[in-house]
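Contents: one structure, followed by commentary.
The values are calculated or read from the model by the stated rules, or taken from the named source; none is laboratory data. What you see is a predicted model; the values in this text were computed from it and never measured. FYI the Cβ positions are ideal-geometry reconstructions off the backbone, even for glycines, and counts take in every protein chain you see.
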Amino acid sequence: MDRTIFIMRHGETEFNTQGRYQGQLDSPLTEHGMDQVRQMGRLLRYSVEHPSEWKVISSPLGRALQSTQILCEILGYDFNKIETDSRLSEVSVGSWSGLTLKEIEQGWPNSLEDTSMYDWYFRSPDGESYEAVQERVTDWLDSLSSTPRVIAVTHGLTSRILRGVYAGLARQEALSLEVSQSACFQLSNCTIKRISYEFDEF
């Protein structure tokens, strides 16, 4: 069966602007973040025929649900029909949730040695492992085997790992994938297509 999944990240949040890592904590969308979601909704409206025939699934975290509600308004989709799925939640960074990188380095000296900008999250002493997240997003993808049309609202790091699983990428390749709040990704026929509302002016 042909299957198409649109993967979208929530809009910018207050914590995003402060350089704080949310993990499974939450902060509300900024005005700019809400506008990002509206723009993405308008873009998806041109890519999705008959939105009511699609299944909309959201992470249960507040910033994702707030984004999903805005998206539904733009698509004309009944928000009461959406599903939430904890497998789409952001990667938990445990005790590091809500902290800046500087605060993490001060509180856990040397904990980020030999890490890169793409994998330091997994050094949290009580956070999730890469393998645990990979397992839950794989399980989520497998659960959609009989669902042909899906729009999913999730989070930056989770989206990277999910797309990596879909494309069969190694860990470092997956963690190096783009994270954007101005683009979504169409997963279809074993390929990933980037769709953005930003474009170059000539």
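Yes/no per residue for (1) over 24 Å from residue 15 (Cα atoms); (2) over 20 Å from the mean Cα position of the chain (by Cα); (3) of a type outside the set (S, T, N, Q):
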position: 106; (1), (2), (3): no, yes, no
position: 130; (1), (2), (3): no, no, yes
position: 133; (1), (2), (3): no, no, yes
position: 137; (1), (2), (3): yes, no, yes
position: 153; (1), (2), (3): no, no, yes
position: 193; (1), (2), (3): yes, no, yes
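Would you point out which residue out of 113, 103, 83 is of a type in the set (Asp, Glu) and at pLDDT below 95?
The unique qualifying residue is 113.
Scan segment 148-184 for residues that are at pLDDT 95 or above, touching a helix residue (DSSP H, G or I) at 6+ places or on another chain (Cβ under 7 Å) and hydroxyl-bearing (Ser, Thr, Tyr) and jot them down.
Across segment 148-184, the qualifying residues are 154, 158, 166.
Does residue 185 meet the test of being surrounded by 14 or more Cβ atoms within 10 Å (Cβ to Cβ) and more than 13 Å from the chain's Cα centre (by Cα)?
no
Taking the condition part of a loop (DSSP other than H, G, I, E, B), within 20 Å of the chain's Cα centre (by Cα) and either crowded, with 19+ Cβ neighbours inside 10 Å or in contact (Cβ under 8 Å) with a residue 40 or more places away in the chain (or both), does residue 118 pass?
Yes; evaluated as a whole, the condition is true for this residue.
Please count how many residues of segment 121-137 are surrounded by 15 or more Cβ atoms within 10 Å (Cβ to Cβ) and among the aliphatic types (A, V, I, L, M).
2
Condition first: modelled with pLDDT under 95 and either more than 23 Å from residue 26 (Cβ to Cβ) or surrounded by fewer than 17 Cβ atoms within 10 Å (Cβ to Cβ) (or both). Can you find one or more residues in segment 138-145 that meet it?
yes
Only one of 19, 33 is at positive phi and either out of contact with any Lys or Arg (no Cβ under 9 Å at 6 or more places or on another chain) or of a type in the set (Gly, Ala, Ser) (or both); which?
Going through 19, 33 in turn, the sole match is 19.
What's the number of the only condition in (1) within 19 Å of residue 58 (Cα to Cα); (2) surrounded by fewer than 18 Cβ atoms within 10 Å (Cβ to Cβ); (3) in contact with a Leu (Cβ under 8 Å, 6 or more places away or on another chain); (4) of a type in the set (Gly, Ala, Ser) that residue 196 fails to meet?
(1)
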